[in-house]
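These notes are about the structure you will find just below.
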Amino acid sequence: MRRSLTTLAAALGVIVAAIAPAHAQSRVWHARATQFENRPALAFGVAWYPEQWPEARWQTDLQLMRSAGFNTVRLAEFAWSTMEPEEGRFDFGWLDRAIDAAVRNGMMVVLGTPSAAPPAWLTQKYPDTLRVDEDGKRAGHGGRRHFSFASARYRQFATRIAAEMATRYGKNPAIVGWQIDNEIGPPSWDPESVAAWHHFLEQRYGTIDELNRRWATQYWSQHYNNFDQVPLRATGQHNPGLLLDFKHFTTATWTDYVAAQAAAIRAHADPRQFVTTNTMFWNAGFDHFALHRVVDMASWDNYIPDGRPDWVANGANHDLVRGYKQRNFWLMETQPGRVDWVPVNRALDPGQVREMAWQAVGHGADALLYWQWRPARNGQETYHGALLGADGTPVPVFGEVARTGKEFAQAAPLLADTEPAAQIAMLFSYDSRWAIDIQRHHKDFDPVRQFLSLYRPLRTRTQGIHVIAPDAELGKYRLVVAPSLHVLTPPQAERLVAYVRAGGHLVLGPRSGMKDDANALWPKRQPGPLADLLGAEVEQYYALDAPVGVQGSYGAGKANIWAEAIRPVAKDVEVLATYSDPHGWLDGKPAAVTRRVGKGRITYIGGWLDDGLLATIATQLLDGAGIRPVLADLHPDIEVGERSGAGKRLLILINHGAEPHPIALPAGASLVTGDLAGGTLSAHGVALIKLR
Ligand code: GLA
């Protein structure tokens, strides 16, 4: 049985060689996120579902879209039952006509493959394609994403419809790109997934002895005699090595799932058409850096569920998406006002939809599409924000969107071939995030929150940060900050050492350098493979239920949630801050240290420090690296983003607040468009500025 399942898994093509460079087949694109020929450099549009409406209505819709300034529609990503109403019987006539109508109205078209929404004929006849949850319950028809990501049969159906679409539309000049599936996830626990898991582990570790060694399975009698014995689990009291490898497995399986459809499309599609898949807000389901090796471009869906944007945190997610391929990306979905999937679906305030659109562009979006055009008459999302109301006429936010459309049309030629500028990088590691989440040790140690605690003061002071993977090229950044590089492999450590020796400044936050990529402790104090470079090590770490004092060159403040006592080993280590913890373990112990190494520097901050201390640290780090913001002394509600390239420098200024604020532009700067008048940026105002 095991042999046949393993063979099946291999036959599926489930690429199990752990996120390997085998996927590094994506085509090379230049700075612009697309290769439009004679088309606008900024796409602006909407998800349109013509299959939900009578054809007689389409022209009215498309005319209204034009009046909103849209030049792009995304079609078909849930229309499987309309494109293939019965097994093997395809009907693309309606889609041909919808695309033609869109093109007649000046639209570019993105086509979505419909695999997030399998039709009833498929799941009824082949129930083995249905996903099974961790408790063994098989999904039924009626929602979406109810398929198993490891099902060979499902893979065949999904790639067949993708290939059929690409055969028909792959040479169509109006089709600018392909979106594979829609917000991929969640995984499955069906028998094929279990077999694929065992095959994955065998590929990763080679022998069961090696798995036992890396997971240290002498502990609690966890020893395995063969791969078949290893349970497929994502939650519960399991070995942290198993739980981290579960994430590696989901990454490999989803990557292969997307790669299979990408290959089916590329076999027929013009290379000018991009292949992407739209991802979600801080999604932890798979390693997004790894998965993006098999697509041409990143795209994501940005929602503000509670309608109360935290602009810095939202911008960080844009930066992370840019980092997946270190290139501009598409914002494939965003809300025209509100969502419908949180307890209170508050609408954004007047002006904020435009504000969020410009923020996306400032962080590297070359496209912005709203979800959705018009609510379907029925279905799970009738309450979601849309551009039209139930009667098919514009809702109040339409005017704001149309204004944004006009501005985008004006800005597009200027923004062409520009990218977000940044002099510093922050490292985001999925392995580290997962490993901490698996064993938080303090319930409030949320790795994303902790990342943001350092991103926030740095972003507001530099006005540009590139968020990149720990394996990315670091040479061009003067400062590299890793808020918590918990999992650190020897090759990563070697690159970081080389970066420092070449003159860079590496800053590590708490919990760094503790685990290897099987989630096992390094047999060394933190920061493990970087301890020699630092010339210091973490003597002990402590979860805090009350703040502990910290003082030193950063001033006086507190550590919360987490504190590590650092022990300098080398003589040239400088103590930057110490704890004051009367009668406690941390009293007088170093909380942050730094060491000059050759032309470079390494700094280790051992506590989760309060915002005041982190603000001072950010200022000192940036001063030390000689990095200045483009515009100084701004109100905290003002966001500045710079896009540069092709000999151009542009600033996008956004007032995220409800009060006007003064802005002093540098000499020679000129307003292209927006709400800057008399040196004041209006409430929720936006301005595009050209620098000399
Ligand atoms: C996701 C999906 C869309 C839609 C929106 C609603 O982003 O991709 O199909 O359901 O949510 O917010």
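Being of a type in the set (A, V, I, L, M), over 15 Å from Arg403 (Cα atoms) and touching a strand residue (DSSP E or B) at 6+ places or on another chain (Cβ under 8 Å) is the filter here, so list the residues in region 655-688 that pass it. Within region 655-688, Ile663, Leu665, Ala669, Leu671, Leu676, Leu681, Ala683 meet the criteria.
Hand me the list of strands (runs of 3 or more DSSP E) wholly inside region 265-340 holding 1 or more residues that are away from the ligand (no atom under 12 Å from the Cβ) and more than 15 Å from the chain's Cα centre (by Cα). Don't jump to the end; show me each part of the working.
On the way: elements: 274-276, 299-302, 329-334.
Because the criterion is at least 1 residues that are away from the ligand (no atom under 12 Å from the Cβ) and more than 15 Å from the chain's Cα centre (by Cα), the strands (runs of 3 or more DSSP E) in region 265-340 that meet it are 274-276.
In region 108-142, the qualifying residues are those that are farther than 18 Å from Thr159 by Cα, among the hydrophobic types (A, V, I, L, M, F, W, C) and in contact with a Ser or Thr (Cβ under 6 Å, 6 or more places away or on another chain), and the one that is surrounded by the most Cβ atoms within 10 Å (Cβ to Cβ) is Met108. Once region 518-543 is narrowed to residues that are in contact with a helix residue (DSSP H, G or I) (Cβ under 9 Å, 6 or more places away or on another chain) and either at pLDDT below 95 or in a strand (DSSP E or B) (or both), the residue that is farthest from Leu586 (Cα to Cα) is Leu521. Among the residues that make up region 179-190, is at least one of them farther than 17 Å from Thr113 by Cβ, without any contact (Cβ under 8 Å) to a residue 60 or more places away in the chain and in the same structural domain as Pro240 (by TED's automatic domain parsing)? Yes, there is a match, as at least one residue in region 179-190 is farther than 17 Å from Thr113 by Cβ, without any contact (Cβ under 8 Å) to a residue 60 or more places away in the chain and in the same structural domain as Pro240 (by TED's automatic domain parsing). With respect to the conditions (1) within 23 Å of Tyr477 (Cβ to Cβ); (2) surrounded by 24 or more Cβ atoms within 10 Å (Cβ to Cβ), Gln423 lacks only one, and its number is (2). Restricting attention to region 395-419 and to residues that are touching a Gly at 6+ places or on another chain (Cβ under 6 Å) and assigned to a loop (DSSP other than H, G, I, E, B), the residue that is surrounded by the fewest Cβ atoms within 10 Å (Cβ to Cβ) turns out to be Asp417.
One residue stands out in region 162-189 among those that are surrounded by fewer than 23 Cβ atoms within 10 Å (Cβ to Cβ) and in a helix (DSSP H, G or I): the one that is farthest from the ligand (Cβ to nearest atom), namely Thr167.
The residues listed here are Ala76, Ala98, Ala102; of these, the one that is within 27 Å of the chain's Cα centre (by Cα) and closer than 21 Å to Ala269 by Cβ is Ala76.
Residue-wise test of (1) among the basic types (Lys, Arg); (2) outside any loop (DSSP other than H, G, I, E, B); (3) at pLDDT 95 or above; (4) within 30 Å of Ser553 (Cα to Cα).
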| residue | (1), (2), (3), (4) |
| --- | --- |
| Trp608 | no, yes, yes, yes |
| Ile617 | no, yes, yes, yes |
| Leu622 | no, yes, yes, yes |
| Glu639 | no, yes, yes, yes |
| Ser644 | no, yes, yes, no |
| Ala658 | no, no, yes, no |
| Ala667 | no, no, no, no |
| Leu688 | no, yes, yes, no |
| Arg692 | yes, no, no, no |
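Within region 347-365, one or more residues are assigned to a loop (DSSP other than H, G, I, E, B), over 19 Å from Tyr49 (Cα atoms) and within 16 Å of the ligand (Cβ to nearest atom).
Among residues of region 51-78 that are within 16 Å of the ligand (Cβ to nearest atom), those with a beta-carbon under 6 Å from a residue that is at pLDDT 95 or above and in a helix (DSSP H, G or I) at least six positions away or on a different chain give the pairs Glu51/Thr82; Val73/Ala102. The residue that is farthest from Glu134 (Cα to Cα), counting only those in region 244-264 that are more than 21 Å from the chain's Cα centre (by Cα) and crowded, with 19+ Cβ neighbours inside 10 Å, is Ala264. Kindly indicate whether Thr60 is under 24 Å from Asp391 (Cα atoms), under 30 Å from the mean Cα position of the chain (by Cα), modelled with pLDDT of 95 or more and β-branched (Val, Ile, Thr). Spelling it out, it is not the case that Thr60 is under 24 Å from Asp391 (Cα atoms), under 30 Å from the mean Cα position of the chain (by Cα), modelled with pLDDT of 95 or more and β-branched (Val, Ile, Thr).
Comparison of Glu55, Glu87, Glu51 shows that the only residue that is in contact with a Ser or Thr (Cβ under 6 Å, 6 or more places away or on another chain), surrounded by fewer than 21 Cβ atoms within 10 Å (Cβ to Cβ) and in the same structural domain as Ala163 (by TED's automatic domain parsing) is Glu51.
Listed by first and then second residue, the pairs with beta-carbon distance under 8 Å, at least 6 apart or on different chains, first residue in region 195-220 and not assigned by TED's automatic domain parsing to the domain that holds Trp522, second among the polar types (S, T, N, Q) and modelled with pLDDT under 95, are Ala195/Thr6; His198/Thr6; His199/Thr6; Glu202/Thr6. When each of Gly513, Gly549 is tested for being assigned to a strand (DSSP E or B), small (Gly, Ala, Ser) and modelled with pLDDT of 95 or more, the lone residue that passes is Gly549.
Step by step: first the residues of region 376-394, then only those that are within 16 Å of the ligand (Cβ to nearest atom) and among the hydrophobic types (A, V, I, L, M, F, W, C), then the one that is surrounded by the fewest Cβ atoms within 10 Å (Cβ to Cβ). Which residue is that? In this case the residue turns out to be Ala376.
Among the residues in region 644-651, are any surrounded by 20 or more Cβ atoms within 10 Å (Cβ to Cβ) and within 30 Å of Val500 (Cβ to Cβ)? No. State yes or no: is Val550 under 30 Å from His248 (Cβ atoms), surrounded by 20 or more Cβ atoms within 10 Å (Cβ to Cβ) and in contact (Cβ under 8 Å) with a residue 12 or more places away in the chain? The answer is no for Val550. In region 670-682, which residue that is surrounded by fewer than 18 Cβ atoms within 10 Å (Cβ to Cβ) and of a type outside the set (Val, Ile, Thr) is nearest to Leu348 (Cα to Cα)? Among those that are surrounded by fewer than 18 Cβ atoms within 10 Å (Cβ to Cβ) and of a type outside the set (Val, Ile, Thr), it is Ser682.
Asn378 meets all of the listed conditions (1) touching a residue at least 24 places away in the same chain (Cβ under 8 Å); (2) within 24 Å of Gly112 (Cβ to Cβ); (3) not in a helix (DSSP H, G or I) but one, namely (1).
The residues of region 360-388 that are in contact with a Lys or Arg (Cβ under 8 Å, 6 or more places away or on another chain) and not acidic (Asp, Glu), listed by number, are Val361, Gly362, His363, Gly364, Leu369, His384, Gly385, Ala386, Leu387, Leu388.
The one condition from (1) without any contact (Cβ under 8 Å) to a residue 40 or more places away in the chain; (2) on the phi > 0 side of the Ramachandran plot that Gln492 does not meet is (2).
The values are calculated or read from the model by the stated rules, or taken from the named source; none is laboratory data. Small disclaimer: the values here were computed from a predicted structure and weren't measured. Note that each Cβ is placed from the backbone with ideal geometry, even for glycine, and that neighbours are counted across all protein chains shown.
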